[in-house]
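Structure first, then comments.
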């Protein structure tokens, strides 16, 4: 990574990604600014997908939807070109991952619609600021991703289970995390479950489908589960659309929005 | 109980208590209106006690403090006479319960100061309205009281452990209960613990120090613990004051304040 990039400035980070100087995951970049999951699909599916997201907002909080064929997302930042501003893209054809790419200029179609979702990377920053989850971070654990047995509300071809992210928290931190994230419905809001993984279909808490490192729940902690943006990606995959494109895991769109701008009053 | 008392009207309830027509516990009376724990003590201890409550506000949220010798509490209702408006009083001498009385007109002293605390009876009404805790209520369980190993901040003669009330809730209800009660710091606010009773010194969850009925935590539930007004009473008892007077358990002061009036914005 080029050390001359001011990594706390979202515009500079996007510029560096656009120019290929940043090619890795975006966690930790531009702290305090909202990062987005991205899903791009052909126009004919956009209405159903928008409705699907609306009905499953905890998992799929849409922060912005583009005009048809327009690579801009002006409400997130005035310089975004979604064809170049992610450091890695996953391309799915008929539900199968067929390519991972650093830009999608050659694939772009005037028929495409982009959806941007608030991501829990954003509220993790907030939790860290408030000292929530120090224990698991200090022992080198990270949030982990699990499939659940909770059905989403289906719309057209879009359906599937809710995917969750889990953080192991002390009881006091769990309470604080619920209080804090409740104020940010645009980045998944409050947890959807706490304490009893088997009740949401998680048989083995030590076997997440995805985790940056390991994730252990200590005996004085509680597993706390938030709905996760992977839900929408899974629904799009399972719809087996001829073509859809998402951010590659952990390679998010860095926006100019900060947490304060999406905070909701109780 | 005289059936002609309009039990949803706080003023009528106080009047009936004052006249001896209601002599029992006040839970369920004047729903939606704040009920208060009461502690009355000699003026010389009032400053220390006020400071103690301030430092331990989760357990001891003072809603009103009287003028010295004045039996009125005008911010809670304009007709209150604290000498007659509780259905039962506990009288403590040097830390020992010596009498239970229906009024304290004969004990009243111009030296007395009254403290009124928001009580969790008030937020239970709110939880019921929002459908939180239906499961334990429907099986006939009730909130239970426990001592913890958490020290309060001591001031002068006032010290002791935090006392908690516990409600067994499903994970979804536990999250909702945290969100709701966070908005009401004047009636104990958010829980102080969830899920691991042994961490706060509760060895046997099936042995509360006090419960109206039984209280079981089912295997798909979590025990959720709120700081409890009994904390201040315990501190006053343990201070072994020559004289102090409290409401008798579950015989609270019914006020004209409603929950909406003590709601705080996040």
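Take the alpha carbon gyration tensor of region A:113-266, find the square roots of its eigenvalues, order them as a ≥ b ≥ c, and report rounded if a/c is under 1.5; if not, report prolate when a/b exceeds b/c, else oblate. Verdict is oblate for region A:113-266. Contact order, relative form, for region B:121-231: 37 percent (alpha carbon pairs under 8 Å, 6 or more residues apart, mean separation divided by residue count). Averaged over the residues of A:193-199, the number of partner chain Cβ atoms lying within 10 Å of the residue Cβ comes to 6. As a rough guide to protection, the peptides A:61-68, B:251-258 ranked by mean Cβ packing within 10 Å, highest first, stand as B:251-258, A:61-68.
The Cα atoms of region B:160-234 give a gyration tensor whose axes a ≥ b ≥ c have a/c of 1.5 or more with a/b no greater than b/c, which makes the shape oblate.
Under a crude label model (7 Å from the Cα following the beta-carbon direction), how far is residue A:264 from residue B:19 in nanometres? Between residue A:264 and residue B:19, the label points sit 4.9 nm apart.
Across the identical copies, the 7 Å label point of residue B:110, projected outward along Cα→Cβ, sits 9.4 nm from its counterparts, in ascending order. Summary value for chain B: 30 percent relative contact order, contacts being C-alpha pairs under 8 angstrom separated by 6+ residues. In the assembly of identical copies, residue A:97 has its label point, taken 7 Å from Cα in the direction of the beta carbon, separated from the corresponding points by 6.5 nm (ascending, one decimal).
For the pair residue B:214 and residue B:110, the difference between a 0.36 nm per residue extended length and the Cα-Cα distance amounts to 33.3 nm. A Förster distance of 56 Å, applied to the separation of the beta-carbon atoms of residue B:43 and residue A:75, puts the FRET efficiency at 0.35. Secondary-structure-derived ellipticity at 222 nm for the protein assembly as shown, considering helices only, amounts to -6000 deg cm²/dmol, per-run term -39500 (n - 2.57) for DSSP H runs with n ≥ 4. Derived from the Cα gyration tensor, the three semi-axes of the equivalent ellipsoid of region B:190-255 are 27, 15, 12 Å, largest first. The mean count of C-beta atoms from other chains within 10 Å of the C-beta of residues in B:173-182, rounded to a whole number, is 5. Peptide A:222-229 has a mean of 1 when you count, residue by residue, the C-beta atoms of other protein chains within 10 Å of its C-beta. Principal axis extents of the C-alpha atoms in region A:45-151 (largest first, rounded to whole Å): 48, 34, 29. When the alpha carbon gyration tensor of the protein assembly as shown is reduced to an equivalent ellipsoid, its three semi-axes come out at 55, 22, 21 angstrom, largest first. For chain A, the Kirkwood estimate of hydrodynamic radius, built from reciprocal distances between every pair of different alpha carbons, is 18.7 Å.
Full extension of the chain between residue A:135 and residue A:238 gives 33.4 nm of extra length, using 0.36 nm per residue less the Cα-Cα distance. Extension gain for residue A:65-residue A:250 works out to 64.6 nm (0.36 nm per residue, less the C-alpha to C-alpha distance). Each residue, residue A:8 and residue B:172, gets one label point 7 Å from its Cα in the Cβ direction; the gap between the two is 4.3 nm.
Read the figures in this text as sums done on the coordinates, not as results from a lab. These numbers come from a predicted model, not from an experiment. Methodologically, a virtual Cβ is constructed for each residue, glycine included, from the backbone with ideal geometry; neighbour enumeration extends over all protein chains shown.
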